[in-house]
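S.K.: The structure's right below; bear with me while I get my questions together.
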């Protein structure tokens, strides 16, 4: 399997042993084995992943180098409150309930005032 040499083999082996790269460790191991000339089926058996998984990460390394082994950012859920209301809400929560408000009533009154 032809893998470009974005990084030295020694660096890749070192990075695979580091705790800070734990998330990408198996991906690094797949790249290392590919650089050493093993084929996808051998790598998938050795690492106990599918051939498709091996191919994905080796391909990402080919295109992007070491940074390609990290997960891409994912989109999250939209905020329920706009940022300008979030600060006010957090501040009110830290103040605690008023004499006549508690729990659910506090939230209802907050949103009534904001709308």
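S.K.: Which three numbers, in whole Å and largest first, are the semi-axes of the equivalent ellipsoid of segment 9-69 derived from its Cα gyration tensor as √(5λ)?
M.R.: 17, 12, 11
S.K.: For each of 44, 75, 59, count neighbouring Cβ atoms within 10 Å of the residue's Cβ, then give the residues from fewest to most.
M.R.: 75, 59, 44
S.K.: Would you order 92, 79 from fewest to most other beta-carbon atoms within 10 Å of each residue's own beta-carbon?
M.R.: Ordered by Cβ neighbours within 10 Å, fewest first: 79, 92.
None of the figures in this text is laboratory data; all of them are computed from the coordinates on show. Not measured: the values here are computed from a predicted model. Cβ: placed from backbone, ideal geometry, glycine included. Neighbour counts: every protein chain shown.
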